Amino acid sequence: MSFLLRLVSGFFKAIFQSLAFLRALIFNLIFLALVIFVIYILVGSEDPFLEDDTILKLNIAGDVVEQPTERDPFGDYGGRLLGLPGEPRETVLQDILDAVAHAENDPKISAMLLDLRLMGRIGLNQMETIGLALSDFKRSGKPIIGAGDYFSQNQYYLASHADTLFLNPMGGVNLHGFGLYRFYFKDALEKLKVDFHVFQVGSYKSALEPITRNSMSAEDRSQTRDWLSALWENYTTDVARQRSLTPEKINEYINSVPTNLQKVGGDTAKLALSYGLVDELKTRKEIRTYLAQFAGSDGENGINLISLNDYLGHVTPSRNGSEEDADLVGLIIAQGTIVTGESRPGTIGADTISALLRRASEDDRIKAVVLRVDSGGGSAFASELIRQEILALKEQGKPLIVSMGAYAASGGYWIAADADEIWASANTLTGSIGIFMALPNFDALLKQGGIHRDGVGTTNLASGIDLSKPLSEELRKAIELNLQNGYDRFISLVAEGRGMERYEVEALAQGKVFAGEKAKDVGLVDELGSVDQAIEAAAGQAGISDYAVTTLLPPLSWWDRIVYQIGAEAKSLLQENLIFQSFFKGAEPALTALQSFLIFPDPNGMYAHWLINYSQ
């Protein structure tokens, strides 16, 4: 008996000690956060002094995003005090544009250095937008110098905008074209005895092909070739224009690699130089010497350089709506997979976006709204919830214009269809009007393991969707009817929103995907242009000429900030691990393909989603 009492006493003692430790940890974290916050206010918020003849080092680090997905509760300075990585894990597109625009007229800035070594993922439309900003900067007469040890395809697009482009003698320019390659699991699923009940409307709706086929369908191959070719043509045309080349020359550089390398003894840097992709081969020391002619001395490293992050301290952010009493155009950014509930990094939460739309509707200062959509879709139900809020905002007499990012397809188009105008870039992918559902069936797998399931119910549908046995004929028919209804609803809302006849939309549907120019030609898009042009159009429709832009962001709790920060640091450490990098690079295509048929939360189990994973 005494042993039992000691055991129980020890158990509760351990619980109370754990709770005490947790309480102390939480209070210590809060105290540390307050200390860092005070230091940041007193010291870290001071802008670094900007010397004359300073070169702006446009060091784009991490993924380029429309809005931050990882929010540091302590700010960049607090992060540095904690010894966290000095470079950001992502860079906001508008920060880049604001910095370039400000530097154009900043008398302290004498030149710009493009440093793209740490740039991560970026959409072709985002590269186009930054490229246009760089072209505007060059009109100031200040030079842009590009320098790199090595240029990936995305990095080279931006680097090609430099007045002078240097490459390390041991480097190279890796151009390879665009492609889309998926893993297909049909045979593997059959071997695993896993079956899928697949329901979809749209011959070109390819999201489920990885589980229903072993290869790309003729329909998907045809449309994918079309939009990939359109985007590659845009890429080569833009680069060729900047480098005074021809698209044919760029394609020759890629398609004749063995022959070309043989001519230069296998030297990739000399190959890039011989094709005019770069101007000179220089070491890092030689580049510093070259930069010295445009910059003053900082007394330490020899030349005055200011990084993008530091320079932003001298720049007044656009789209903050700080002007008192000014009319406003509200900007809402919807980026990621569309899901029910609240937004999380990488998702568009229907509740979150709906709340922002209501806020814009109720704010008398906001006269018009631009919804920036960058999404391949997701939950059909969540897409409809957002669309309903868009209609409610329009009932208030406020214009709503959609500006499409890299993608606005499937569910992304569902929420765009009722906009007063739809704007896209030439590199936007849109359409994919279709709908699907996929239900796994583990009956054969369970039987192989000697596992059986049986029972009784009061109705034909009492067992519901039972993944352990095949669908009943009644349930299959019900799902097919419901799915057809969802597709019909999709067609109808597009026809009504776009002012088109139903038969016209049906001809563009079936899951077909269109690049920007083609999308405009067929009527899915009204205008091609940037988000700034969409904002101007929204202001014009609202009848306001003197206005400011305010970005509407969801509130973020301190707990969310801490959780996001911990997740971001863990992700950063993993990405720095070479073993993890190698594994993830190899596994990413398979994981992306699997994601195409994973069940996102949707009350009806219906998904307007397009699998997008083409390599740049």
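At His176 and Asn260, where each label point lies 7 Å from the Cα along Cα→Cβ, what is the point-to-point distance in nanometres?
Simple spin-label model gives 1.4 nm for this pair.
Report the full-extension gain for the segment Asp351 to Val522: residue separation times 0.36 nm, less the Cα-Cα distance, to one decimal in nm.
Difference between extended and current length: 58.3 nm.
Given R₀ = 30 Å, what would the calculated FRET efficiency be for Gln293 paired with Ser244, taking r from the Cβ atoms and rounding to 0.05? Mind dumping the intermediate values first?
Details: r = 24 Å, r/R0 = 0.79.
Efficiency, rounded to the nearest 0.05: 0.80.
Residue separation times 0.36 nm, minus the C-alpha to C-alpha distance between Ser492 and Phe183: what's the value?
Residue separation times 0.36 nm, minus the Cα-Cα distance, leaves 107.9 nm.
If I take R0 = 22 Å and measure r between the Cβ atoms of Gln541 and Asn320 in this structure, what FRET efficiency does the formula 1/(1 + (r/R0)^6) give, to the nearest 0.05?
FRET efficiency, Gln541 to Asn320: 0.50.
By count of other Cβ within 10 Å, fewest leading, how are Lys193, Lys263 ordered?
Lys263, Lys193
So if R0 is 51 Å, what FRET efficiency would Thr164 and Asp226 give, r being the distance between their Cβ atoms, rounded to the nearest 0.05?
0.90
Rg(Cα) of the stretch 142-181 divided by 2.2 N^0.38 Å? Provide the component values of the computation, followed by the final result.
Numbers: Rg = 11.5 Å, N = 40, 2.2 N^0.38 = 8.9 Å.
The reported ratio for this selection is 1.28.
Going by how many other beta carbons lie within 10 Å of each one, how would you line up Ile306, Ile422, Ile451, fewest first?
Going from least to most buried by this count: Ile451, Ile306, Ile422.
How do 282-289, 243-250 rank on mean C-beta neighbours within 10 Å, highest first?
Ranking the peptides 282-289, 243-250 by packing returns 243-250, 282-289.
Placing unit charges on C-beta atoms (Lys and Arg positive, Asp and Glu negative, everything else neutral), compute the dipole magnitude of the stretch 497-540 about its Cα centre in debye, rounded to 20. Don't jump to the answer; show the numbers that get you there.
Numbers: 5 positive and 9 negative charges, 44 e Å.
Once rounded to the nearest 20, the dipole reads 220 debye.
What is the pair-distance distribution P(r) of the stretch 473-521, computed from all Cα-Cα distances in 10 Å bins starting at 0, with each bin given as a whole percent?
Per 10 Å bin, starting at zero, the Cα-Cα P(r) for the stretch 473-521 comes out as 24, 43, 22, 10, 1 percent.
Among Lys367, Lys108, Lys512, Lys191, rank each residue by its count of other Cβ atoms within 10 Å, from fewest to most, as a rough exposure measure.
Lys191, Lys108, Lys367, Lys512
All of the numbers you see were taken from the coordinates with simple rules; none came from a lab. Quick caveat: nothing in here was measured; it's all calculated off a predicted structure. Neighbour counts are summed over all protein chains in view; Cβ atoms, including those assigned to glycine, are modelled from backbone coordinates with ideal geometry.
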